[in-house]
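Below: one structure, written as structure tokens.
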Amino acid sequence: MTQLPGLLDAEALRKDFPILDRVLHDGKKLVYLDNAATSQTPRQVLDVLAEYYEQHNANVHRGVHVLAEEATALYEGARDKVAEFINAPSRDEVIFTKNASESLNLVANMLGWADEPYRVDHETEIVITEMEHHSNIVPWQLLAQRTGAKLKWFGLTDDGRLDLSNIDEIITEKTKIVSFVLVSNILGTVNPVEAIVRRAQEVGALVCIDASQAAPHMPMDVQALQADFVAFTGHKMCGPTGIGVLWGRQELLEDLPRSSAAAR
């Protein structure tokens, strides 16, 4: 079969994913279309995982023997690669978590225990949107329930976009945090980050972006986004399950309760 110029070689790509060699349903090869939920893992990642467990496995930051030093170097090397991938100003702003859900819960918990001017309490507001994944709804519902804060949200237009017509009424002087998805996992909508961040900054609110669907498909530049926190997960971008990232501005991470950022 001749590959046309400029088109992806689907068969070559399939060979990178061993699971796609499975045969199901009357001898047909597996076709997987659920990447918004989790991506499959390519051979290159599987090989690196196998090499780690076969050659370097040890506790990170917990020993001075050869394996521990190797494991620590690999762990911190991954932090450097993530910082470069998202254009973080400092590697110290990269926090490893289990997934985006834990990253977003960390932010919510930090704000619940923070001192002024970041503290969320019964006199403040939390803003999300109607297109959020549960990972970016439940932490804020729980924080609002625990602190008495008012939970508000942007609605959707008929064509599946955020309705920003009342942005000044949704994001007010009482708003402490605006948390929204960069790309919707259901609609595929790419949200207008600049407009939302601009309004949040006008009232002094923090911005948290769930980039779980964006990180696998578009360039990630946390400095260009101008958010305060960005969360994403490895299992949606061809990585293994159980790996996530929370990026936060260094001055915020230093000011907010450190017990919540223990994963650093």
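Using modelled backbone amide H atoms (1.01 Å from N, in-plane), which distant-in-sequence or interchain residues come within less than 5 Å of Thr241's amide H?
Under 5 Å from the amide H of Thr241 lies no amide H from a residue far enough along the sequence or on another chain.
Which lysines have a Cα less than 22 Å from the Cα of Lys152, not counting those fewer than 8 places away in the same chain?
Hits, sequence-local ones excluded: Lys174, Lys176.
Translational diffusion coefficient of segment 115-202 at 37 °C, 0.692 mPa s, Stokes-Einstein with Kirkwood Rh over Cα pairs, in µm²/s as a whole number.
So the translational diffusion coefficient is about 245 µm²/s.
Starting from the 7 Å offset along Cα-to-Cβ, what nm value, one decimal, do you get for the label separation of Leu13 and Asp163?
Using points 7 Å along Cα→Cβ, the separation is 3.6 nm.
Going by the alpha-carbon gyration tensor, a ≥ b ≥ c the square roots of its eigenvalues, is segment 174-264 rounded (a/c under 1.5) or, if a/c is not under 1.5, prolate (a/b greater than b/c) versus oblate?
oblate
Report ³J(HN,Hα) in whole Hz for each residue of segment 42-51, in order, from the Karplus equation J = 6.51 cos²θ - 1.76 cosθ + 1.60 where θ = phi - 60°; Gly and Pro get x.
x, 4, 4, 6, 4, 5, 5, 4, 4, 4
Projected onto the charge dipole of segment 1-119 (+1 at Lys/Arg Cβ, -1 at Asp/Glu Cβ, origin at the Cα centre), which of Ile95, His25, Tyr118 gives the Cα projection farthest towards the positive end?
Going by the charge dipole, the pick is His25.
In terms of the ratio Rg/(2.2 N^0.38 Å) built on C-alpha atoms, what value belongs to segment 1-118? Mind showing how you got there, number by number?
Values: Rg = 20.3 Å, N = 118, 2.2 N^0.38 = 13.5 Å.
Ratio of Cα Rg to 2.2 N^0.38 Å: 1.51.
Taking amide hydrogens as modeled 1.01 Å from N in the peptide plane, which residues meet the under 5 Å criterion relative to Leu151, leaving out close sequence neighbours?
Under 5 Å from the amide H of Leu151 lie the amide H atoms of Ile126, each far enough along the sequence or on another chain.
Using each residue's phi in segment 145-158, evaluate 6.51 cos²θ - 1.76 cosθ + 1.60 at θ = phi - 60° and report the 3J(HN,Hα) Karplus result to the nearest Hz, with x for Gly and Pro.
With coefficients 6.51, -1.76 and 1.60, one gets 5, 6, 9, x, 5, 8, 9, 10, 8, 7, x, 10, 7, 5 Hz.
What is the local net charge at Glu51, summed over the other residues whose Cβ is closer than 15 Å to its Cβ (Lys, Arg +1; Asp, Glu -1)?
Values: positive: Arg43; negative: Asp47, Glu54, Glu70.
The answer is -2.
Using only Cα atoms, locate the centre of segment 191-239 and the centre of segment 64-91, then give the distance between them in Å, rounded to an integer.
Each part's Cα centre sits 22 Å from the other's.
Per residue of segment 170-180, what does 6.51 cos²θ - 1.76 cosθ + 1.60 with θ = phi - 60° give for ³J(HN,Hα)? Whole Hz please, x for Gly and Pro, Karplus curve as stated.
Taking θ as phi minus 60°, the curve returns 7, 9, 10, 5, 8, 6, 9, 8, 10, 10, 8 Hz for segment 170-180.
In whole Å and largest first, what semi-axes does the C-alpha gyration tensor of the chain yield when each eigenvalue is scaled by 5 and square-rooted?
35, 26, 15
Using amide H atoms built 1.01 Å from N in the peptide plane, name the residues 5+ places from Leu156, or on other chains, whose amide H lies under 5 Å from its own.
When sequence neighbours closer than 5 places are left aside, the close amide H contacts are Asp163.
List the lysines whose Cα sits under 26 Å from the Cα of Lys28, skipping any in the same chain fewer than 8 residues away.
Of all the lysines, those that pass the test against Lys28 - Cα under 26 Å, at least 8 places apart if same chain - are Lys15, Lys236.
Rounded to the nearest 5, what % of DSSP beta bridges with both residues in the chain are antiparallel? Could you put the intermediate results ahead of the total?
Numbers: 13 of 29 bridges.
Counting DSSP beta bridges with both partners in the chain, the antiparallel share is about 45 percent.
Bear in mind that the values in this text are calculations on the coordinates, not laboratory data. These numbers were taken from a predicted model, which means no experiment stands behind them. Neighbour counts run over all protein chains shown; Cβ positions are idealised from the backbone, glycine included.
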